[in-house]
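Pasting a structure below so you can have a look.
The values are calculated or read from the model by the stated rules, or taken from the named source; none is laboratory data. Please read these numbers as outputs of a predicted model, since none were measured by experiment. Every residue, glycine as well, gets a Cβ built from its backbone with ideal geometry; the counts of neighbours run over all protein chains shown. Surface areas here come from the heavy atoms of the whole protein model, side chains and all, with no ligands, DNA or RNA. Shrake-Rupley method; radii C 1.70, N 1.55, O 1.52, S 1.80 Å.
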Amino acid sequence: MLQLFLRSERESGWLDLLPGTVLDMERTNNLFDEDLTSGEFSIPIDMPWTDNNRRKLGFIERLGNVITQSNYFTIDVFDSGYPELQFAKLTITEKDGKLDYTKGTFKASISGNKGLFGSKIKNKKLRDLSLGGTITFNSDCRDFATDHAKGLYPQYDYIGFAPVGIESFFDTSKSYNNEFLVKDTVNYIVSTGAGLNDWQFGRPKSSNPNQVATSGTAEYIDYRTIPFFKLKYVFEQACAAVGYSIAGDVLDNPSWNDLFIFNTTAIEFYSVVAHADYTRKIFPADHVPDITVAEFLKAICSFFNLEANFSNNQILLSYRQQVFTNRRVIDISSRCAATFKAIYQDETDKTGFTLDYEWDANDDYRNDRVKDINTKTMVGTVSTFPNLATLNIGRSFTTDDIAFVESENMYYNVANATTTPIKWDAWSERLGEYKQGEGGDSYKIGMSTLCSYVALDPANALYIRRPYLGCRQNGSYYNNKYQKIKKDFSLRIFFIKKQVINGNEVPMSMNHTTTNNGVRLNNFSLVLEGNDGLLKRNHQQWIEAKQKKQSVTVPVLADKQFLKALNNSNTVQLNNVLFLHEKTEDTIPLQSTVNLLLRPL
């Protein structure tokens, strides 16, 4: 017997159902719910307008000019006392009855916990979250950033500071008043000595690059500070805001603690007369993209190819590709009928697939830094840049030659083939789309990282890779006319890790696992290709499995014990063939047979 228990602050209790009511359920396996919307749901059922139902549902059957009550409720679903769904979502889709409200029916559909979560985050913006509230400090912005990076503000461990090149930061077409950004870099770092801590965030003096410009001098205001929020922190706060916590070992990887969300909002408010900075606060909403919580969560799960399992008020995260290395097999051969149905999916004209980021349309730096390597001659691969000096290709180099430096994920182009050693330009970063076969199916992974920052070194006329990331887009800031200029930015992520550079231990932005000299700092990379890249670690096997065009539907004898075992497995065996379980069609109360939709491995 089907039973529905309403959870409500107004009045909890059992709802009345028509005799013989059955829920026809369709349950998409979490493994295949890549946009966090499918979950489990029912075909609509009829519910009578009993006094009990009308009262418990807040008299939702009534008509009115101003309707503020939501049409969804939180329920538990039972089969003769056995809990089938907890913290599920009951949605009233229609109401049909007499105008005096004495008789009528509701049409209602039921979805699982994931549906309830989706309703709670619907239309909620990332910028609506408190994210720890306003951050206050008692010094200039760059001094606060320096002290924070050196560990003096542990209460704000969910933000970070690191250099990022941002060309075209100031909008010269809108209220421009000669604003200038030193080195085209926010959070620029000045080395003031040879010790590990002999450095500061600041603008170097033009008279001495190892000293910082001080407040009260004209050069002081040629600088911008931008705080970055930790991805893990914002992820957890977004879920906690609607009553959910995150479980699983995905976020336990220490490299997740070093991931940050990019933004382009500087915090200084300068006096162009006093050449002083008067900002003493950071407002979190300024430093996360203007997107919904749903878009944010979907992008993270897409980028890392995460599976989200919802149980009560907890979200259990795991990597989808674990299904290929940690198989939990259930053999259903003895439970199947003698028939099956196989369907071939639509096929493209091309084989293979294409995998790519979703880049910020406001940033055109990638167009310069990610190039078609087929226009050059690839002559070799080395581990670090110094190894290019000993690269032997069996002939003389030409300016059409390129070589790949693994530690930097960068292609270098011969700039001058007549010198000893050969001179090389940082030419193209390997951040373009990955194409397998003919690139038939196209997959986007929800967001992107940033490119490494490459700038022309006037001293030797070579393009040099800086030890931090960069972009080219207008930022948000207070200009020299005390006006606030605001520009949009999309969701992008990167690492902040401390590196020893010229004797100083300084925080640097990065997108890869290793430093320029090959020191491994991160457990995984944000670039697509390579052993530590997103393709191999997170996406390739899953995409290849989905590209198998055949799906199989089989009727299976089932009881609650079998369904529990099915839910605890991740691989199905049938007639000695292994399958991924995509969907279940069953009923509440449970009938003797359920249909399973399977995809062959």
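Which residues among the range 396-430 fall inside the zone where the amide N is under 15 Å from a point 7 Å beyond the Cα of Ser383, along Cα→Cβ?
It comes to 405-409, nothing else.
Which of rounded, prolate, oblate describes the range 195-347, given a ≥ b ≥ c as roots of the alpha-carbon gyration tensor eigenvalues and a/c under 1.5 marking rounded, otherwise prolate only if a/b is larger than b/c? Can you show the working numbers first?
Values: a/c = 3.40, a/b = 2.97, b/c = 1.14.
Taking the square roots of the gyration eigenvalues as a ≥ b ≥ c, the range 195-347 is prolate.
Carbon-plus-sulfur fraction of the accessible area of the range 100-228, 1.4 Å probe, in percent?
Details: 2380 of 5360 Å².
Whole-percent figure for carbon plus sulfur exposure: 44.
List the lysines whose Cα lies under 25 Å from the Cα of Lys497, skipping any in the same chain that are fewer than 8 positions away.
Lys150, Lys183, Lys230, Lys232, Lys281, Lys536
Among 296-309, 130-143, 522-535, how do they line up by average Cβ neighbours within 10 Å per residue, starting with the highest? Walk me through the numbers on the way to the answer.
Working: 296-309: 21.3, 130-143: 16.4, 522-535: 19.4.
Taking the mean over residues of other Cβ atoms within 10 Å, the ranking is 296-309, 522-535, 130-143.
Now for a different question. What is the gain in length, in nm to one decimal, between Asp290 and Asp559 on full extension, counting 0.36 nm per residue of separation less the C-alpha to C-alpha distance?
Working: separation 269, 0.36 × 269 = 96.84 nm, distance 4.69 nm.
Roughly 92.2 nm would be gained on extension.
Run down the lysines and flag those whose C-alpha is under 30 Å from the C-alpha of Lys564, throwing out any fewer than 8 positions away in its chain.
Lys89, Lys107, Lys114, Lys120, Lys298, Lys341, Lys546, Lys548, Lys549, Lys583
So what does the Cα-only Debye profile of the chain read at q = 0.06, 0.07, 0.08, 0.11 Å⁻¹, as log10 I(q)/I(0), no solvent term?
For the chain at q = 0.06, 0.07, 0.08, 0.11 Å⁻¹, log10 I(q)/I(0) is -0.42, -0.56, -0.71, -1.11.
Here is a further query. Of Gln550, Leu535, Leu563, whose Cα points farthest to the positive end of the dipole of the range 518-587 (charges on the beta-carbon: +1 Lys, Arg; -1 Asp, Glu; origin at the Cα centre)?
In the range 518-587, that residue is Leu535.
Report the gain in length on full extension from Phe32 to Ala461: 0.36 nm times residue separation, minus Cα-Cα distance, nm rounded to one decimal.
149.3 nm
Any idea how far apart Lys124 and Thr93 come out in nm if each label point goes 7 Å out from Cα toward Cβ?
In this crude label model, Lys124 to Thr93 measures out at 2.5 nm.
With r as the distance between the Cβ atoms of Ile393 and Phe340 and R0 = 56 Å, compute the FRET efficiency 1/(1 + (r/R0)^6) and round to 0.05.
Working: r = 57 Å, r/R0 = 1.01.
The calculated FRET efficiency here is 0.50.
Also: Using helices alone, what [θ] at 222 nm do you get for the chain, with -39,500 (n - 2.57) per DSSP H run of 4 or more residues, divided over all residues and rounded to the nearest 500? Let's see the in-between values first.
Numbers: 8 runs with 66 residues, N = 601.
After summing the helix terms and dividing by the residues of the chain, the value is -3000 deg cm²/dmol.
May I have the convex hull volume per residue, in Å³, for the Cα set of the range 90-173? Write out the running numbers ahead of the final one.
Numbers: hull volume 23.6 nm³, N = 84.
Enclosed volume per residue, from the Cα hull, is 281 Å³.
A follow-up question, please. With all protein chains present, calculate the accessible area of Ser173 using a 1.4 Å probe and round the result to the nearest 10 Å².
Estimated to the nearest 10 Å², Ser173 gives 100 Å².
Same structure again: Arranged from highest to lowest average of other beta-carbon atoms within 10 Å per residue, in what order do the peptides 334-343, 400-409, 437-446 appear? Please list the in-between numbers first.
Working: 334-343: 10.9, 400-409: 20.5, 437-446: 16.1.
Listed from highest to lowest mean packing, they are 400-409, 437-446, 334-343.
What FRET efficiency, computed as 1/(1 + (r/R0)^6) with R0 = 35 Å and r the Cβ-Cβ distance, is obtained for Ala276 and Asn253, rounded to the nearest 0.05?
Efficiency, from the Cβ-Cβ distance: 0.25.
Give the residue from Ser206, Val382, Gly243 lying farthest towards the positive end of the charge dipole for the chain; charges sit on Cβ (+1 for Lys and Arg, -1 for Asp and Glu) and the dipole is referred to the Cα centre.
In the chain, that residue is Gly243.
With each pseudo-label sitting 7 Å past Cα toward Cβ, what's the Lys107-Ser311 distance in nm, one decimal?
3.6 nm
Which distance in nm do the two modelled labels at Gln483 and Thr420 give, with both placed 7 Å along the Cα-to-Cβ direction?
6.0 nm
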